[in-house]
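The values are calculated or read from the model by the stated rules, or taken from the named source; none is laboratory data. Remember, it's a predicted structure, so these values are computed and weren't measured experimentally. Glycine also receives a Cβ, built like all others from the backbone with ideal geometry; neighbour counts cover every protein chain displayed. Ligands, DNA and RNA are stripped out before the accessible areas are found, and what is left, the full protein with its side chains, is counted by its heavy atoms. Shrake-Rupley method; radii C 1.70, N 1.55, O 1.52, S 1.80 Å.
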Amino acid sequence: MFGSMKIVLLLGVIYLCRAAEEDVLELTDSDFSAVISQHDTALVMFYAPWCGHCKRLKPEYAVAAGILKNDDSPVVLAKVDCTEGGKSTCEQYSVSGYPTLKIFRKGELSQEYNGPRESNGIVKYMRAQVGPSSRDLLTVADYEAFLNKDDVVVVGFFEKETDLKGEFLKTADKMREEVTFGHSTAKAVLEKSGYKNDVVLYRPKRLQNKFEESFVVYKGDPESYSVKAFIKENYHGLVGVRQKDNMQDFANPLVVAYYDVDYVKNPKGTNYWRNRVLKVAKEMPSVTFAVSDKDDFTHELNEFGIDFATKDKPVVAGRDLDGNKFVMADEFSIENVLAFAKDLVAGKLEPFIKSEAEPEDNSGPVKVAVGKNFKELVTDSGRDALVEFYAPWCGHCQKLAPVWEELGDKLKNEEVDIIKIDATANDWPKSLFEVSGFPTIYWKPKDTSKKPVRYNGGRALEDFIKYVAEQASSELKGWDRKGNAKKEEL
């Protein structure tokens, strides 16, 4: 019996996956223009089958397609294989990397898609592309249904034309991809709401709690406190649900509780822990608090040195204003989270530094930096340094490796350190050294009052020597300022 149940469940899962995949239109050069022109709004993913990022996006894309197709104003999601039947189409729309996503309206290219890559984020972003930026709530039924949405909504109530109404509609246009807006001038709606010339932010029922109001009324002057600022300040409330597509909303100092956050299958259990974090947040308005699903943020937990968040209680971690990382060692409790947050702000905690083991011998021509010795070897060394941030799997880094070793050997008797750090296995001060790809190279001056400078020159040995010769705090022994080798004295 149990075996047959498993088979039925498995078949159900397979059916759902296939159904979701079928909701995405597979287009080729022969039918792209004809099919896309039939739809008011379409999102197209240009991909390559071998692309890892494309493989990760596909299931999220399929789920979003299944949701969006049933909207009142449906959005069609399509895909084009740039390696097979869609080569010409990809060339026509200047696709140079995978996946590339573009929005089409009535068959014409409208804009690049720069939104989230998770299903819920795709749905929210694309819904904002359809229809007016603020929905006109004509009846009380419209108004009440609008407040029953599963997300934060912002509603403008206007008895007459005012500057606030103009500001509200402009804000809706600017923030339509982030926030759901509605407005009303209907007398019955104004009477039902109790507002005549106001902007109100409403929190969804699932996020309402006893620690804060379920709605917030805008009280500012648009010239000194914009509607946008009001929304940004209040959107997530005391404790926001932090997801991959809204991470940028949560500023440091930040304290996050990681656990099974699931408002679909387990809203009661999700709010059980969130309410405890809310109690702490109420006492510490100077800190940003949030909850995040531990499975969605496995990579981030690994950055905190947490391999598996398997405990029944939440795992808590945070960052201070400078971005330093901290992990709460004690078991989750209201008292422990409060103490952790207070100590984090007061600078009483020891930062967690992701680091490989320090090399036993670091006397070679190229010094090896790790998380634990970066400050000593680079930031506070009192010496000039050229630092390479690399990834072991990076082909360009592997090609650079022998050149880097030769550079270190050439400059071993100079007052300049040639350094490398595996950026995938170690932490470093990211506010000073911003790394977005590999290899990334920085010049760190001896003078600590000067900020590190990103190197953007050539990668031949002579390019590096010329650059170091020009930048060095003191002229090199073996080269002049132009990078010309000095003649050895007889």
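Summed over the range 22-69, residues that are among the β-branched types (Val, Ile, Thr) and either open to solvent by 60 Å² or more (accessible area, probe 1.4 Å) or within 21 Å of residue 116 (Cα to Cα) (or both) total 5. Filter the range 205-229 down to the residues that are part of a loop (DSSP other than H, G, I, E, B) and in contact with a strand residue (DSSP E or B) (Cβ under 8 Å, 6 or more places away or on another chain), then identify the one that is nearest to residue 134 (Cα to Cα). Here the residue is 218. Of everything listed in (1) at pLDDT below 95; (2) in contact with a Leu (Cβ under 7 Å, 6 or more places away or on another chain), the single unmet condition for residue 152 is (1). Could you list all residues from the range 371-396 that are surrounded by fewer than 16 Cβ atoms within 10 Å (Cβ to Cβ), outside any loop (DSSP other than H, G, I, E, B) and over 28 Å from the mean Cα position of the chain (by Cα)? Result: 376, single match.
Candidates are the residues of the range 141-199 that are of a type in the set (A, V, I, L, M, F, W, C) and open to solvent by 40 Å² or more (accessible area, probe 1.4 Å); the one that is farthest from residue 116 (Cα to Cα) is 188. When each of 326, 332 is tested for being within 22 Å of residue 356 (Cα to Cα), modelled with pLDDT of 90 or more and open to solvent by less than 20 Å² (accessible area, probe 1.4 Å), the lone residue that passes is 326. When you scan the range 98-109, do you find a residue that is on the phi < 0 side of the Ramachandran plot, open to solvent by 60 Å² or more (accessible area, probe 1.4 Å) and of a type in the set (Ser, Thr, Tyr), even just one? Yes, the range 98-109 contains a residue that is on the phi < 0 side of the Ramachandran plot, open to solvent by 60 Å² or more (accessible area, probe 1.4 Å) and of a type in the set (Ser, Thr, Tyr). For the range 337-348, the condition of being part of a loop (DSSP other than H, G, I, E, B) and touching a strand residue (DSSP E or B) at 6+ places or on another chain (Cβ under 8 Å) holds for none of the residues. Among the residues of the range 357-370, the one identified as under 13 Å from residue 426 (Cβ atoms), more than 29 Å from the chain's Cα centre (by Cα) and outside any loop (DSSP other than H, G, I, E, B) is 368. When residue 164 is tested against (1) touching a Pro at 6+ places or on another chain (Cβ under 9 Å); (2) closer than 28 Å to residue 270 by Cα, only condition (2) is not met.
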